[in-house]
Each structure stands twice: as structure tokens, then as C-alpha cells.
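Trainee: I have a structure I would like to understand better, so I am pasting it below and will then ask my questions one at a time.
The values are calculated or read from the model by the stated rules, or taken from the named source; none is laboratory data. These numbers come from a predicted model, not from an experiment. Please note: Cβ atoms are built from the backbone with ideal geometry, for glycine as well, and neighbour counts cover all protein chains shown.
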Amino acid sequence: MTLIKIEHLYKSFDKKHYVLEDINLEIFSNESFCLVGPSGCGKSTIAKSMLRFIKPDSGNIYFKGKDIYAIKDYQKYVSFVPQDPMSSINPRFNVLDAVLEPIRIMSLAFNTDDVLNNILRLGLKEELLHKKVRDLSGGERQRVAIIRAFTTKPELIIADEPTSSLDAIHKNTIASLFSEIKGSKTLFLITHDIKFAQKICDKIGIMHDGKLIEIGGKDDIFKSPRHSFTKKLLDSYSLKCEE
Ligand SMILES: Nc1ncnc2c1ncn2[C@@H]1O[C@H](COP(=O)(O)OP(=O)(O)OP(=O)(O)O)[C@@H](O)[C@H]1O
Ligand SMILES: [Mg+2]
């Protein structure tokens, strides 16, 4: 079943040039889709459009066949790990309240032990639970943002560079978490971390200058990229493209 369908999406912030130009994309239920591309090419703008944070100039986004703007309580189905965790978390909250906030806002039932286990599993120590988010390190905040996105049990998780502030050990922890849920949730991931993409994703979309220039299965993109920019991008990540 198609979970998300994007049709002819255009967005301009300055009316001079398009940040998104005719984006078309289909993501199936329980598929993991990775969006890869250079800085400023429009990746976060696609994610924010899917979340209704940014209104496109034209085009449509459908969730299970329904226009996302016509869906009541859309945030119950879709959750977000933002590129900058502080943009969505009140810095005065302590870790526990920050993690529980989305569940409380949506009045969802939760099991305290499950929430605590999730926090500890991602390497956040128990003594951090009552520490204020503003006093956390970047990597600790990023993990709080990831836990928040998982606790509401959404159908779709959109994660914008979820491993960018993490050291190698914590990157592996997060990759394992995403690997575990892969196949039972729909994932839309933006990442510069090609190893992470290789591990998690079924499908990859390559973006360049506001356009989705190539979409394909993971093996197709990594082993036989069609577009010259995809080859260049993979080379820049020091990955050998097999002929
Ligand atoms: N609210 C906004 N107002 C004006 N311009 C914006 C706004 N949001 C994004 N842009 C511009 O749109 C372009 C795409 O931004 P976007 O954040 O989608 O890039 P990105 O691919 O996510 O980059 P990065 O990898 O650096 O996060 C950039 O040139 C950015 O400056
Ligand atoms: Mg971005």
C-alpha cells in the first residue's frame, strides 16, 4: 500500500527560484526511504512539507490516499526527528518531560517502564532524566529527539539527519534502533551518512538543486547509478561505484 505520495511539489521562498521543483515521490507502507543530497538542495524542505510545517506553492502530498491537509490529528500518524532538536523541544524541560511531551499532548496511553527503557537503551543515563534539555550535549539532545519521535508509535517517522551530532558508538546504537524497526514502520530518512543509508534503506532518492534526480532501490543506486551527479555524489562520499 502506498503510504505517502508526493505529486508535482513546488516551493519557492523568494519567488525567484524554486527550492523544490516538481518533486514526485511514492513511499510504500513499511518501506525505508533515504533522501541524500548536498547541503541546501531542499531535503529538509521536503520533510517539512510532508509534516505540514511548510506549505508548498503547488502540488499535493497524500497520506494513505488522502490530502495531508484534510487529515485530522495528522501528527498522531507522523512523527519527526528534526535536524536541530532544539527547534522543537522546550529547553527548560527536563529529559523525562521532553520525552513524554508528545504523548501527553496527544493524550496517548503509555507504559512508564517502556519509556524509561527506551531512554536507557539509547545510552542516556538515568541521572540525566531530570536534567534540563538546554544543559545536554548536542548528541544527548539528538537522542532525546529520537526517543520523542518513537514513543508516540507513529506509522511514519521522518528523521532529518538523526545521527549528525553523534559519535561512532552512538551512531551505531541509533542505526541498530532503526534497523530493528525497519520493515515494521515507514521511515523517511535524510542523511549524509551513506553507511547509515546502506544499512537502513530499501530505496534511495538523490536530490540536487531542488530536484529529485534519481530514485532507485538501494542496490541499483549504489551499484549502478544512472545519473552522473549520483556517481559524483557517491564518489564524494568515497564510495566506489561498482560498474
Ligand atoms: N524558511 C525559509 N526561508 C527562506 N529560505 C529558506 C527557508 N527554508 C529553507 N530555505 C532555503 O531553501 C534551500 C533549501 O533548504 P533546506 O533546508 O531544504 O536544505 P537541505 O537540503 O536540508 O540542506 P542541509 O543538508 O544543509 O540541511 C536553502 O537555500 C535554504 O536557504
Ligand atoms: Mg536540512
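Trainee: Name the one entry in Tyr69, Tyr62 that is part of a helix (DSSP H, G or I), away from ligand 2 (no atom under 16 Å from the Cβ) and either in contact with a His (Cβ under 7 Å, 6 or more places away or on another chain) or at pLDDT 95 or above (or both).
Mentor: Tyr69
Trainee: Show me the helices (runs of 4 or more DSSP H) entirely contained within region 83-197 in which 3 or more residues are polar (S, T, N, Q).
Mentor: Here the list reads 112-121, 168-181.
Trainee: With Ile89, Ile54, Ile71 as the choices, which residue is closer than 23 Å to Phe13 by Cβ and without any contact (Cβ under 8 Å) to a residue 60 or more places away in the chain?
Mentor: Ile54
Trainee: Moving to a separate point now. Counting only residues that are of a type in the set (Lys, Arg) and more than 13 Å from ligand 1 (Cβ to nearest atom), how many does region 40-58 have?
Mentor: 1
Trainee: Cβ contacts < 7 Å: first residue surrounded by 14 or more Cβ atoms within 10 Å (Cβ to Cβ), restricted to region 111-137; second residue assigned to a loop (DSSP other than H, G, I, E, B) and of a type in the set (D, E, K, R), any location; separation 6+ or different chain. Result?
Mentor: Filtered contacts from region 111-137: Lys132/Arg92.
Trainee: Give me the residue from region 21-39 that is closer than 20 Å to Tyr77 by Cα, of a type outside the set (D, E, K, R) and surrounded by fewer than 16 Cβ atoms within 10 Å (Cβ to Cβ) and, out of that set, nearest to ligand 1 (Cβ to nearest atom).
Mentor: Within region 21-39, the match that is nearest to ligand 1 (Cβ to nearest atom) is Phe28.
Trainee: Could you go through region 40-49 and let me know if any residue there is outside any strand (DSSP E or B), surrounded by 16 or more Cβ atoms within 10 Å (Cβ to Cβ) and basic (Lys, Arg).
Mentor: Checked against the condition, which is being outside any strand (DSSP E or B), surrounded by 16 or more Cβ atoms within 10 Å (Cβ to Cβ) and basic (Lys, Arg), region 40-49 yields at least one hit.
Trainee: Of the conditions (1) at pLDDT 90 or above; (2) within 16 Å of ligand 1 (Cβ to nearest atom), Ile194 fails just one. Which one is it?
Mentor: It is condition (1) that Ile194 fails.
Trainee: Which condition does Ser12 not pass, out of (1) under 17 Å from Thr186 (Cβ atoms); (2) within 16 Å of ligand 1 (Cβ to nearest atom), if it passes all the others?
Mentor: For Ser12, the exception is condition (1).
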